[in-house]
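Enquirer: Please read through the structure below; I'll follow up with questions.
What follows is calculated from the coordinates using simple rules that are stated; it is not laboratory data. Remember, predicted model here, so these are calculated numbers, not experimental data. Virtual Cβ from ideal backbone geometry, glycine too; neighbours counted across all protein chains shown.
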Amino acid sequence: MMLRKRVLVTGGAGFLGSHLCERLLAEGADVLCLDNFFTGTKDNVAPLLGNPHFELMRHDVTFPLYVEVDEIYNLACPASPIHYQHDPVQTTKTSVHGAINMLGLAKRLRAKVFQASTSEVYGDPDIHPQPESYRGNVNPIGPRACYDEGKRCAETLFFDYHRQHRLRIRVARIFNTYGPRMHPNDGRVVSNFVVQALRGAPITIFGEGQQTRAFCYVDDLVEGFLRLMAAPDELTGPVNLGNPGEFTIRQLAELVIELTNSKSKLVFQPLPPDDPQQRRPDIALAREKLGWEPEVPLREGLKKTIAYFDQLLRRLPANLFVP
Ligand code: NAD
Ligand code: UDP
């Protein structure tokens, strides 16, 4: 009998988690997908439910978990600002208590544990692009703090468990990632613009659209996850994973309009507080240590994302999803 690696994915029914589960199954793992379905849905993993090597479990990571696995990917946490600000106390609990519970589980099992951290640990950065050595510029009391500080504290816990208990950890700092299975009401910029353009609704640019982001296609990111998990134990991270191609939000809007042939007009709305002005990963470390870099250009990734949302919106009532 072939011994399969048993892998736990928390937040596995979310956007990134569902792609990760799919990829792990393709690599021959036994996957335990855990989710409380706050922002994720069963639909995201519906095609996997018939696979005997896939198991879906409803559970909240803020509560302890007793299972037997070899590796843990801790992705559970709402990622879009509107979702993580909806219940900010729960967001901090998810990051902090969730990390403690997953680290405790990893300690008992001597399992490798991966943390989905974020470029938000750099806050509104005053150096550009951001290398891992940059310590960030985070407002600890603003509306984004529940997420940013929660994720920073999770990193602290990962490194303390590593030093104190010699746990095998991997910390990835993920920059803006997009692709199929983002939630249409998720509020993040790519899903908002694509849904708005496909509906012919106004494209909502916050501020003047001069702020920048760098967008990574989901398949590229998942490849980076697997490489980091498989890397030698010395490579604890943090490692930046993202696409270094940087665009203004206005450029993104114009590209989405072009690729959808949309008649949507741009509308300008107030910039949310603490919205970072610029963001781009320095991925020298991932290139050197993992031999990793993104391969999918924004234009190509957007085409796939647009095709996904086009199919999805055709199946849904017109009034249901207008971000
Ligand atoms: P998502 O919202 O689609 O997925 C998060 C998943 O976690 C959802 O399925 C949600 O239901 C689940 N979840 C939330 N709270 C939970 C809890 N207490 N217990 C169990 N499950 C819970 O977001 P995503 O884009 O797939 O993000 C996944 C991870 O990657 C998050 O930790 C996020 O912070 C991180 N990340 C994502 C991006 C990005 O651009 N997508 C960037 C940086 C970091
Ligand atoms: N944004 C925008 N219109 C939208 C949604 C977002 O202009 O409908 C902007 C937002 O203000 C931010 C950028 O797009 O400057 C990226 O926002 P997102 O919520 O996707 O991610 P984050 O700010 O966490 O990088």
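Enquirer: With a cut-off of 8 Å between alpha carbons and a minimum separation of six or more residues, what is the relative contact order of the range 222-323 in percent?
Expert: Dividing the mean separation by the residue count of the range 222-323 yields 38 percent.
Enquirer: Arrange the following residues from fewest to most other Cβ atoms within 10 Å of their Cβ: SER18, SER133.
Expert: Details: SER18 28, SER133 9.
Going from least to most buried by this count: SER133, SER18.
Enquirer: With springs connecting C-alpha atoms under 10 Å apart, model the chain as a Gaussian network and identify which of GLY50, GLY237, GLY17 has the largest mean-square fluctuation.
Expert: GLY50
Enquirer: Here's another thing I want to ask about it. I'm a student and want to see the number: the projected area of the Cα convex hull of the chain, averaged over all directions, in nm². Present the calculation step by step, with values, prior to reporting the outcome.
Expert: Details: hull surface 63.6 nm².
Convex hull of Cα atoms, orientation-averaged projection: 15.9 nm².
Enquirer: By how many degrees, 0 to 90 and rounded to 10, does the Cα axis of helix 298-315 deviate from the longest principal axis of the chain?
Expert: That helix lies at roughly 80 degrees to the long axis.
Enquirer: Treating cross-link reach as a plain straight distance, find the aspartates and glutamates whose alpha-carbon is under 18 Å from the alpha-carbon of LYS5, omitting any fewer than eight places away in the same chain.
Expert: Result set, ordered by chain and number: GLU22, GLU27, ASP30, GLU55, GLU68, ASP70, GLU71, GLU223, ASP233.
Enquirer: Also: Per DSSP H run of at least 4 residues, take -39500 (n - 2.57); add these up for the chain, divide by its residues and hand me the 222 nm value, nearest 500 deg cm²/dmol.
Expert: On the way: 10 runs with 124 residues, N = 323.
The helix-only estimate for the chain comes to -12000 deg cm²/dmol at 222 nm.
Enquirer: If you don't mind, there's one more thing I want to ask. What angle, in degrees between 0 and 90 and rounded to the nearest 10, separates the Cα long axis of helix 145-165 from the longest principal axis of the Cα atoms of the chain?
Expert: Value to nearest ten degrees: 20.
Enquirer: Once you mark the GluC sites (Glu not before Pro) that are in a DSSP loop and have at most 14 other Cβ atoms within 10 Å, what is the longest gap between them in the chain? The partial results should precede the final answer.
Expert: On the way: sites that count: GLU27, GLU68, GLU208, GLU234, GLU295.
Longest gap between qualifying sites, sites excluded: 69-207.
Enquirer: Return the subset of LYS93/LYS263; LYS107/LYS289; LYS42/LYS107 for which the Cα-Cα distance in this structure is over 31 Å, preserving the input order.
Expert: From the list (LYS93/LYS263; LYS107/LYS289; LYS42/LYS107), the Cα-Cα distance tops 31 Å for LYS93/LYS263.
Enquirer: Something else about it: Roughly what percent of Cα-Cα pairs across the range 1-148 reach past 22 Å? Walk me through the intermediate numbers first.
Expert: Details: 4727 of 10878 pairs.
Percentage above 22 Å: 43.
Enquirer: Right, next: Kirkwood hydrodynamic radius, the range 117-167, all distinct C-alpha pairs: what's the number in Å? Could you put the intermediate results ahead of the total?
Expert: On the way: mean 1/r = 0.0857 Å⁻¹.
Over the range 117-167, the inverse of the mean reciprocal pair distance is 11.7 Å.
Enquirer: Please report, in whole Å, how far the alpha carbons of the range 189-323 spread along each principal axis, starting with the longest.
Expert: 50, 33, 23
Enquirer: Starting from the Cα gyration tensor of the range 80-158, take the square roots of the eigenvalues, sort them a ≥ b ≥ c, and report rounded, prolate or oblate (rounded when a/c is under 1.5, otherwise prolate if a/b is larger than b/c, else oblate). Walk me through the intermediate numbers first.
Expert: Numbers: a/c = 2.69, a/b = 1.35, b/c = 1.99.
Here the range 80-158 falls in the oblate category.
Enquirer: Top mean-square fluctuation among ASN137, ASN101, ASN51, Gaussian network model of the chain, C-alpha springs under 10 Å?
Expert: Result: ASN51 has the largest fluctuation of those listed.
Enquirer: Turning to a different aspect of this structure: For LYS304, give me every one of the aspartates and glutamates with a C-alpha distance below 13 angstrom, ignoring sequence neighbours fewer than eight places off in its own chain.
Expert: ASP219
Enquirer: On a 0 to 90° scale, report how tilted helix 249-260 is relative to the longest principal axis of the chain, with both axes built from alpha carbons and the result rounded to the nearest 10.
Expert: 80 degrees
Enquirer: Also: Within 10 Å of each residue's Cβ, count the other Cβ atoms and sort TYR178, TYR308 from fewest upward.
Expert: TYR308, TYR178
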